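The values are calculated or read from the model by the stated rules, or taken from the named source; none is laboratory data. Not measured: the values here are computed from a predicted model. Neighbour counts run over all protein chains shown; Cβ positions are idealised from the backbone, glycine included. Just the protein is used for accessible areas: all its heavy atoms, side chains included, with ligands, DNA and RNA removed. Shrake-Rupley method; radii C 1.70, N 1.55, O 1.52, S 1.80 Å.
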Amino acid sequence: MMIRAVALALVVFASMALAQQAPPPPPDSATAPPPPPPGLTPELVEISKMIRDGQYAAAQSKLDALLASDAKNPQARFLKGVVQNDEGNADAALATFQSLTEDYPELPEPHNNLAVIWAQKGQYEKAKSSLELALRSNPDYAIAHENLGDVYTRLAGAEYDRAMSLDKGNKSAQAKLKLVRDLYAMEASVTPTPAPAPSAVTVNAGTGLLVRMVDGASSRDARGKRFTVTLETDLVVNGMMVAKAGTRCYGRVANAKQAGRVAGRSVLDLRLSELTINGVLVSILTGPYIEAGKSSLAKTAKTTATGAAIGAIAGDAGKGAAIGATATVLKRGETVVVKPGELMEFQLQQPLTVTIAR
């Protein structure tokens, strides 16, 4: 059994539509731009088609032009690595995927493709480390699980072979080595079953996303600061699984204002900007969260129908309450806090179309 070169193609082509949508994570700055609208990037769709058709020179030319204006674009860099590897320039592809894992460690595909190249070079320990990082980012990444199994098999074969060289009478190691080699032979004889054609699924505007806060946020945070949440329930559309419960999502502080001790109102406005689908970050656009779990205090309230900013604090106790059920009722000047573990609900403001395997 081996880490197959086709694993690289599977990552790119089986989920190409998703990979092209993955935006760079929003910077932790007070001037973070709003997230781009969801959907495929037409230029990257064209480039990916060129790669599928073997038009590497044309694809590389377009990628060079795109990267000249947007050097950090993760999708373009990812496709550049694919072109480099497909044209036999494994060292350049290795450097490309390595830099992607450093800049965007939360994306599993670059880690997986890096592992494929390490395996092609016979560097199975490095391949194992890369695949473990891919699965740390996305525990449900099936391709990485399969590749890791192949890597373990290769490592096991090397150890059994070493045991045999040290003790030629070791029948146990001999039997195990035969099993491993039989796996190699079976892998070579199996005709791969074509993957089912991916299907386009649209998550409608207005769809609710119930999430649980991972790292927390407060009205003292800078506008644009990134935060992490996980889906509390499966996201299913027309019977098709789009994202499982526990999937990581990312958001940003759209507005934060810390009131003074005497006057003013603290404000915290949170929006989701990325959703992980099949291990790839997909850009989304939501309103502020509209509902959450029980507060630690008795007084809570639902958001208004107009979707006002979270944490608008009432002037006097008893005359108003924080918007959002987890936002605690606070006095003037106090900090609005959404703690780790608290539930929030957001609504998509724009429909989201993604391509997923059936």
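Observations on the model:
- Rounded percent of accessible protein surface that carbon and sulfur make up, the range 88-175, 1.4 Å probe: 51
- For Tyr104, the amide hydrogen comes within under 5 Å of no other amide hydrogen, counting only partners 5 or more places away or on other chains and with H modelled in the peptide plane.
- Å² of accessible area per residue within the range 86-182, as computed with a 1.4 Å probe and no ligands counted: 51
- For the range 77-159, the list of trypsin sites (Lys or Arg not before Pro) that fall in a loop by DSSP and count at most 13 other C-beta atoms within 10 angstrom reads Lys121.
- Separation between Cα centres of the range 107-137 and the range 144-187, rounded to whole Å: 20
- Using heavy atoms of the protein chains and a probe of 1.4 Å, the accessible area assigned to Glu146 is about 90 Å².
- 3J(HN,Hα) couplings calculated from phi for the range 226-241 with the Karplus curve 6.51 cos²θ - 1.76 cosθ + 1.60 (θ = phi - 60°) are, in sequence order, 8, 9, 10, 9, 10, 5, 7, 9, 4, 9, 10, 10, 6, x, 9, 6 Hz; Gly and Pro show x.
- Solvent-accessible surface ranking, highest first, for Tyr152, Tyr104 at 1.4 angstrom: Tyr152, Tyr104
- Given a 1.4 Å probe and the protein chains as shown, Asp91 ends up with an accessible area of around 100 Å².
- Residues whose amide H falls under 5 Å from that of Lys225, counting only those 5 or more places apart or on a different chain, are Ser29, Val253, with hydrogens built in the peptide plane.
- Table column - 3J(HN,Hα) (Hz), the range 56-73, Karplus curve with 6.51, -1.76, 1.60, x for Gly and Pro: 5, 5, 5, 5, 5, 4, 5, 5, 4, 5, 5, 6, 5, 9, 8, 5, 9, 4
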